[in-house]
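Before any comments, here is the structure.
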Amino acid sequence: MLTMEKTADYVNRWVAAFESKDLDRVLAFYTNDVIFHSPLVARLSHDPSGTVQGKAALRAYVKKGFEVFDHIKFTVLDVLRGVDSIAIHYKGITGTHVVEVLFFDKDGAVRESYVHYSS
């Protein structure tokens, strides 16, 4: 189980990576076979499944997001810890509330992610 200290450090590094808009830094958090689910995937890629599979597909999606959104700023509101997962509640790019649930592999890399947006 993740400790509060390790979780806080992880979330700080994760947010900083996205806010830096450094693709390699962001992708270092994910496994090669990551599965990423988000309504924003459907919007940016016109794929109604809302899912990208694999690091190459995640790279293309995140790159598109970096191109579409000039400035990325996440305000973390809360972090909840599970056994092999965390849920990050934050205000996202557009000020919308977001809950992102990250599931980790045994090495601490994200193997699957589910993103939820407020209506």
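The values are calculated or read from the model by the stated rules, or taken from the named source; none is laboratory data. Worth saying up front: this structure is predicted, and the values here are computed from it rather than measured. Glycine also receives a Cβ, built like all others from the backbone with ideal geometry; neighbour counts cover every protein chain displayed. Ligands, DNA and RNA are excluded from the accessible area calculation, which covers all protein heavy atoms including side chains. Shrake-Rupley method; radii C 1.70, N 1.55, O 1.52, S 1.80 Å.
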- Pairs where the first residue, in the stretch 22-33, is more than 14 Å from Val52 (Cβ to Cβ) and the second is part of a strand (DSSP E or B), C-beta under 8 Å, 6+ apart: Phe29/Val110
- Message: Can you list residue pairs whose Cβ atoms sit under 6 Å apart, with the first residue in the stretch 100-118 being farther than 14 Å from Asp33 by Cα and in contact (Cβ under 8 Å) with a residue 12 or more places away in the chain and the second being open to solvent by 50 Å² or more (accessible area, probe 1.4 Å) and of a type outside the set (Lys, Arg)? Count only pairs 6 or more apart in sequence or on different chains.
- Response: Val101/Tyr114; His116/Val99; Tyr117/Pro39; Ser118/His97
